[in-house]
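The structure under discussion appears below in the form of structure tokens.
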Amino acid sequence: MRAIRRVARAQAAGVAALIMAFAPGAMAAPDAGTKLVSCGKASCLLVSGRREDAASQVSINGHSVAVEGRQAWRVSLPVETVREWSLPRARTIQVSVLNPETGNETTSRAGLPIGLLGHVTDFAALVIGTR
């Protein structure tokens, strides 16, 4: 009985892997990544990812961006631009890659550095007590 279950699980895993391998967009673009970098006197968000076709158009939060690189791409955006394109206190951005030949669009969410779009609260005083 256990042998039958093992075989069934192995077959199910094989079928799932096969479906993922041939699903549209499954190999189009892995999740994008973000990193806070310095760009002159300001701070910028470096967004990077991969695409199957170098001619694919990349957009961030619905805005087309010109990227550097071919399959491995990256773009540096001023934090103020990211703030304008995002909801207040957003924790992710939406990165889309559109393949012009097939018309397939792959969308993923890239996490933002903690507190990047948060609001800073200024304290007049901070009181620490003991118990």
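Worth a mention:
- Those residues of the stretch 62-98 which are within 18 Å of Ile114 (Cα to Cα) and assigned to a loop (DSSP other than H, G, I, E, B), in sequence order: Ser86, Leu87, Pro88, Arg89, Ala90, Arg91
- Hits in the stretch 104-127 (condition: over 19 Å from Asp31 (Cα atoms) and either hydroxyl-bearing (Ser, Thr, Tyr) or modelled with pLDDT of 85 or more (or both)): Thr121
- Verdict on Ala32 being open to solvent by less than 60 Å² (accessible area, probe 1.4 Å), of a type outside the set (Phe, Trp, Tyr), over 16 Å from the mean Cα position of the chain (by Cα) and more than 18 Å from Gly118 (Cβ to Cβ): no
- In the stretch 54-71 there is no residue matching the filter, namely being among the acidic types (Asp, Glu), open to solvent by 90 Å² or more (accessible area, probe 1.4 Å), within 16 Å of the chain's Cα centre (by Cα) and at pLDDT 90 or above.
- Filtered residues of the stretch 88-128 (kept if aliphatic (A, V, I, L, M) and either in contact with a strand residue (DSSP E or B) (Cβ under 7 Å, 6 or more places away or on another chain) or surrounded by 10 or more Cβ atoms within 10 Å (Cβ to Cβ) (or both)): Ala90, Ile93, Val95, Val97, Leu98, Ala110, Leu112, Leu116, Leu117
- Enumeration of residues in the stretch 52-61 that are part of a strand (DSSP E or B) and either among the aliphatic types (A, V, I, L, M) or closer than 20 Å to Leu117 by Cβ (or both): Val58, Ser59, Ile60
The values are calculated or read from the model by the stated rules, or taken from the named source; none is laboratory data. As the structure is a prediction and not an experimental result, all values here were calculated from the model. Every residue, glycine among them, receives a Cβ derived from its backbone with ideal geometry; neighbour counts consider all protein chains shown. Note: accessible area is taken over every heavy atom of the protein model, side chains too, but ligands, DNA and RNA are not part of it. Shrake-Rupley method; radii C 1.70, N 1.55, O 1.52, S 1.80 Å.
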